[in-house]
Amino acid sequence: MKNSTQNLQQRYHAKWRVFAPLGLALVGCGLSILGEAIGIKTRNEEVLSWFTWGTLGLIITNAGLVFFGEAVKCRVLFEVQEHRTK
């Protein structure tokens with residue numbers, strides 16, 4: 001029982017270590033792309049151009065938020081499992 005709990009705890013920790021930085025990087029990248037789309041719109045360029053970049057930026061930002069949310073969930077579950085083993 002204790003070994004399976006430790007394996008579960010290790011899986012949560014491994015997921016957290018991957019998802020947290022990935023989520024933060026995606027949010028930053030998405031916001032940068034969104035900022036560029038705003039700049040394109042400000043320069044009165046084609047609608048398709050800023051719309052495409054803006055949509056891509058929002059998609060990447062939202063994906064980053066999903067990954068970061070999953071990382072938070074994994075960290076909480078890791079902490080719960082750690083507390084149970086003590």
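Rule-based calculations on the coordinates, nothing more; no lab input. This is a predicted model, so every value here is computed, not measured. Here the Cβ is made from the backbone with ideal geometry for all residues, glycine too, and neighbour counts use every protein chain on show.
At most 15 other Cβ atoms within 10 Å and a DSSP loop assignment: could you name the GluC sites (Glu not before Pro) in the stretch 32-85 that fit? It would help to have the intermediate numbers written out before the result.
Values: sites: E36, E45, E46, E70, E79, E82; in loops: E45, E46.
Hits after loop and neighbour filter: E45, E46.
Residues considered: G23, G54, G39. Largest GNM mean-square fluctuation over the chain, using C-alpha springs under 10 Å, is found at G39.
In this simple spin-label approximation, R11 and K86 carry label points 7 Å from Cα along the Cα→Cβ vector, and these lie 2.4 nm apart.
Compactness check for the chain: Cα Rg over 2.2 N^0.38 Å is 1.57. Note on the chain: GNM, Cα springs under 10 Å; of T42, T52, T61, the largest mean-square fluctuation is that of T42. Using the Karplus relation 6.51 cos²θ - 1.76 cosθ + 1.60 with θ = phi - 60°, the per-residue 3J(HN,Hα) values for the stretch 42-47 come to 4, 7, 6, 7, 4, 4 Hz, with x marking Gly and Pro.
Taking a straight Cα-Cα cut-off under 20 Å and skipping sequence neighbours fewer than 8 places away in the same chain, the aspartates and glutamates within cross-link reach of K15 are E70, E79, E82.
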